[in-house]
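Chemist: Structure in structure tokens, see below.
The values are calculated or read from the model by the stated rules, or taken from the named source; none is laboratory data. Note that this is a predicted model, so its numbers are computed, not measured. In this analysis, Cβ positions are derived from the backbone assuming ideal geometry, glycine residues included, and neighbour counts consider all displayed protein chains. These accessible areas exclude ligands, DNA and RNA; they are computed on the full protein's heavy atoms, side chains included. Shrake-Rupley method; radii C 1.70, N 1.55, O 1.52, S 1.80 Å.
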Amino acid sequence: MSIDYDIQDLDLAPAGRLRIEWAEREMPVLRLIRKRFSTEKPLQGVRMSACLHITTETANLARTLQAGGAEVTLTASNPLSTQDDVAAALASYYEIPVFAIKGEDNETYYRHIHAALDIKPHITMDDGADLVSTLHKQRTELIDGVIGGTEETTTGVIRLRAMARNGVLRYPIVAVNDALTKHLFDNRYGTGQSTLDGVIRATNVLLAGKTVVVAGYGWCSRGIAMRAQGHGANVIVTEVNPLKALEAVMDGYRVMPMIEAAPQGDVFITSTGDINVIDRQHFEAMKDGAIVSNSGHFNVEINIPALQEMADGQPRRVRPFVDEYTLPDGRRIHLLADGRLVNLAAAEGHPSAVMDMSFANQALCAAYMVENADKLEKKVYSVPEEIDAEIAQIKLRAMNIEIDVLTPEQEAYLASWEEGT
Ligand code: ADE
């Protein structure tokens, strides 16, 4: 069978296949679902356009959907996150059409999204909602054929909820990010580990004794703060939400506005989902040598145009993924990975063991969507509780961990209201 694709280099395929197989070892839940899908075929004949980070873990998700009978086409959900060897292996060994090249420009990024939509999907699978928004803005002729979609990330869910609120969302979406087996693990432990991994691979700086400023205290930022502290860094958290700020204080971090943190920080990591969290006035206050990075979905959290305006001339690329901007007074600011997701650009993204649960949710929610297509409305839905519970159960079993079960007496106690003091 010949398939359509646009990738960097097909010769990278053998290396990509080895890495996909390595990731699979840490993905027992997805393996089990793949086995089940290959006999039950819940996605038989379903065309799926998936806009995801093209990683070893995504490759294993695509194989699972394919085993379920789906025709899957993949496109990148970020211009810098593609693993080119994985893209090559997908096209070469797994017959999965893929449109993704690490470092592609914006025009190519959107050309690839359109190529993924050309298959006329029944289901969209998104990470950040660029696929859904392109479909709603530019490819409206395809919408009647879509039965539903899934969304992977916090930023995407926020965009889709805004679409639903404004009455423009034209098909149902399941917010995979809302599953407990997704955000409590992927966002916290996945982002925590992979973000520090990205900063360290890019810079090789010692974090012990440094001041690390973490912008935001959602699930991702919590993981980042926790892991930075684990490295011996002195962590400052900035927040706009009083409740989250209070949690950060009681978790033992210093909390202050970014303008106060700016002159103290050695390393800055944003993960808020909002724009210009690090802005001109913050660069003006930073120390010489400050390292600035982002782990939020879009490259808008750091005001890079302001930094470019402030700096003398072009930045100097001092290491892969490290651009040095020199300010008129001689201070140097180091921007990592063009302000894009540092964990996926400079490292390999979340480890497979957490993506196992996120992508188990994706696979089961796609099947749920097909099964319930006639019942769902044009809304953003949470992941059904049974799916979440099943994934937690399988994951525990795969880790050889057993837990207690309620005795009949305990069940009756929990169901009653009469017994008190
Ligand atoms: N998002 C964060 N890490 C990822 C990974 N390893 N694969 C796919 N999407 C991701």
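Chemist: Given a 1.4 Å probe, how much area per residue of the chain is accessible, in Å²?
Modeler: Computed with neighbouring chains in place, this is 45 Å² per residue.
Chemist: Under 5 Å between amide H atoms, partner at least 5 residues away or on a different chain: which partners does Asn241 have, H built in plane at 1.01 Å?
Modeler: none
Chemist: If packing is taken as the average number of other Cβ atoms within 10 Å across a peptide's residues, how do 245-256, 145-156, 46-57 rank, most packed first? Could you put the intermediate results ahead of the total?
Modeler: Numbers: 245-256: 16.2, 145-156: 23.6, 46-57: 26.3.
Put in order of decreasing packing, that is 46-57, 145-156, 245-256.
Chemist: Okay, next question. Please identify which residues in the stretch 20-42 have an amide N closer than 19 Å to a label point set 7 Å out from the Cα of Glu95, following the Cα→Cβ vector.
Modeler: 34-35, 37-42
Chemist: Roughly to the nearest percent, how much of the accessible area of the chain is carbon and sulfur, given a 1.4 Å probe?
Modeler: 51
Chemist: Using 11 Å as the cut-off for backbone N distance, which residues of the stretch 89-120 belong to the label zone defined by a point 7 Å from the Cα of Leu10 along Cα→Cβ?
Modeler: Backbone N within reach: 91-93.
Chemist: About the Cα centre of the chain, how large is the charge dipole given +1 on each Lys and Arg Cβ and -1 on each Asp and Glu Cβ? Please answer in debye to the nearest 20.
Modeler: 420
Chemist: Any idea how far apart Phe298 and His231 come out in nm if each label point goes 7 Å out from Cα toward Cβ?
Modeler: The modelled label-to-label distance comes out at 2.7 nm.
Chemist: Roughly how large, in nm² to one decimal, is the mean projection of the convex hull of the alpha-carbon atoms in the chain? Walk me through the numbers before you get to the answer.
Modeler: Numbers: hull surface 95.4 nm².
Taking the Cα atoms of the chain, their convex hull projects to 23.8 nm² on average.
Chemist: For an R0 of 25 angstrom, estimate the FRET efficiency from the Cβ-Cβ distance between Lys120 and Gln308 and round to the nearest 0.05.
Modeler: That pair, Lys120 with Gln308, gives E of 0.05.
Chemist: Rounded to the nearest 0.05, what FRET efficiency do Gln138 and Asp274 have when you use their Cβ-Cβ distance and R0 = 22 Å?
Modeler: Details: r = 26 Å, r/R0 = 1.17.
It comes out at approximately 0.30.
Chemist: Out of Asn276, Gly149, Gln229, whose Cα points farthest toward the positive end of the dipole of the chain (charges: +1 Lys, Arg; -1 Asp, Glu; placed on Cβ)?
Modeler: Asn276
Chemist: Could you give the nm distance between label points at Arg316 and Leu184, where each point is 7 Å from its Cα heading toward the beta carbon?
Modeler: 4.9
Chemist: Moving on to the next point. Using label points projected 7 Å from each Cα along Cα→Cβ, tell me how many nm separate Arg165 and Ser382, to one decimal.
Modeler: Here the answer is 1.8 nm between the modelled labels.
Chemist: Also: Taking N as the number of residues in the stretch 1-131, what value does Rg over Cα atoms divided by 2.2 N^0.38 Å take?
Modeler: Rg over 2.2 N^0.38 Å, computed on Cα atoms: 0.97.
Chemist: Count of lysine pairs in the chain with Cα atoms under 19 Å apart, counting only pairs 8 or more residues apart in sequence or on different chains? Don't jump to the answer; show the numbers that get you there.
Modeler: Working: Lys35/Lys395; Lys120/Lys137; Lys120/Lys378; Lys137/Lys378; Lys137/Lys379; Lys182/Lys395; Lys210/Lys287.
Final tally of qualifying lysine pairs is 7.
Chemist: If you don't mind, another one. Percent antiparallel among DSSP beta bridges with both residues in the chain, to the nearest 5?
Modeler: 15
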